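What follows is calculated from the coordinates using simple rules that are stated; it is not laboratory data. Owing to the predicted nature of the structure, the values given are computational and were not obtained by experimental measurement. With ideal geometry, Cβ positions are generated from the backbone for all residues, glycine too; neighbour counts draw on all protein chains shown.
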Amino acid sequence: MNRKNIAEHAAFSADKMQKVNLFETPKFFCDLYCLQPGQDQKIHSHADNDKLYLVQKGRAKVTVGDTDHDVGEGEIVFAPAGEPHGVINESSADLVCVVFMAPHPSFKG
């Protein structure tokens, strides 16, 4: 069984948001997105890939399409394929999101 403790894998950088891979197969990936206050993932889209953002620690503003979602710990947001999406940490505390995407956009395993 593959099992990981999210808190042990969270990693931050003053330069930019950090992506930490937890699990990856040819069909999906599951990463941690670790954002310090003010950091973001620019709004972008994936034509063929669905994405989930689960806030594990902190608060996030998650944009999907033309809607901004204020998301707290334990809340999850779905970004369907083709919809522009991104996340920003507008709070004064660190943010950790569990991010799941399927199908995997570019498996290199």
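Roughly speaking, what is the stretch gain from E75 to R59, that is 0.36 nm per residue apart minus the C-alpha to C-alpha distance, in nm to one decimal? Display every interim value, and only then the final one.
Numbers: separation 16, 0.36 × 16 = 5.76 nm, distance 0.95 nm.
So the extension gain works out to 4.8 nm.
Just want to confirm a number: the relative contact order over the chain, from Cα pairs under 8 angstrom separated by 6+ residues, in percent. Before the final figure, lay out each step's value.
On the way: 280 pairs, mean separation 36.5, N = 109.
Rounded, it is 34 percent for the chain.
Which value, in Å³ per residue, describes the convex hull spanned by the Cα atoms of the chain?
In the chain, the Cα convex hull volume per residue is 103 Å³.
Fully extended, how many nm does the chain gain between K19 and T67 (0.36 nm per residue separation, minus their Cα-Cα distance)?
On the way: separation 48, 0.36 × 48 = 17.28 nm, distance 2.37 nm.
Additional length available on full extension: 14.9 nm.
Report the label-to-label distance for A102 and R3 in nanometres (one decimal), using points 7 Å from each Cα along the Cα→Cβ vector.
Reported label-point gap for A102 and R3 is 2.2 nm.
Would you calculate a helix-derived [θ] at 222 nm for the chain, using -39,500 (n - 2.57) for each DSSP H run of n ≥ 4 and dividing by the full residue count, to the nearest 500? Could you put the intermediate results ahead of the total?
Working: 1 runs with 4 residues, N = 109.
Mean residue ellipticity, 222 nm, calculated: -500 deg cm²/dmol.
With 10 angstrom as the radius, rank L35, L54, L22, L95 by how many other C-beta atoms surround their C-beta, starting from the fewest.
Values: L35 24, L54 18, L22 15, L95 28.
In order of increasing Cβ crowding within 10 Å: L22, L54, L35, L95.
Between D94 and K42, what length in nm is gained on full extension when 0.36 nm per residue of separation is reduced by their alpha carbon distance?
On the way: separation 52, 0.36 × 52 = 18.72 nm, distance 1.75 nm.
Net length gain for the segment: 17.0 nm.
So what are the ³J(HN,Hα) numbers for segment 15-28, from phi and the Karplus equation (6.51, -1.76, 1.60; θ = phi - 60°), rounded to whole Hz, Gly and Pro as x?
Per-residue couplings from phi come out as 6, 6, 3, 10, 9, 10, 6, 9, 9, 7, 9, x, 9, 7 Hz.
Work out the charge dipole of the chain with +1 on the Cβ of Lys and Arg and -1 on the Cβ of Asp and Glu about the Cα centre, then indicate which of Q39, P105, T63 is farthest towards its positive end.
P105
Using the basic label-point model (7 angstrom from Cα toward the beta carbon), what is the A11 to D50 distance in nanometres?
3.0
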